[in-house]
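Nothing in this text is a laboratory measurement; each read-out follows from the coordinates by a stated rule. The structure displayed is predicted, hence computed values, not measured ones. Note: ideal-geometry Cβ built from the backbone for every residue, glycine included; neighbour counts use all protein chains shown.
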Amino acid sequence: MFFLKTGGLIGIMVYNGYEGGSEEEEAVKNFLKTLSQKEYNVVVLNHLNRPEDPPYPIVIEKIKDE
């Protein structure tokens, strides 16, 4: 993600409660798992007390340039 400067943040709101949503969610997570832990922090916030599949945010922070 060359466009993100050190200290920059990206927010993603994930909603998988529709047809194809689970596959889309997995694709996003699989991509984010490939980001270098030396360059990025990736944080997922899940609701523990909500029924079904509520939307949840993922935050990506660039902590270091390559």
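Observations
Residues checked against (1) among the hydroxyl-bearing types (Ser, Thr, Tyr); (2) exposed (fewer than 10 other Cβ atoms within 10 Å of the Cβ):
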| site | (1), (2) |
| --- | --- |
| 6 | yes, no |
| 12 | no, no |
| 26 | no, no |
| 40 | yes, no |
| 53 | no, no |
| 58 | no, no |
| 66 | no, yes |
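- Pair list, Cβ under 7 Å, 6 or more apart: region 19-48 residue under 17 Å from residue 64 (Cα atoms), other residue assigned to a helix (DSSP H, G or I): 42/32
- Scope region 1-56; condition over 15 Å from the mean Cα position of the chain (by Cα) and of a type in the set (Asp, Glu); matching residues: 19, 52, 53
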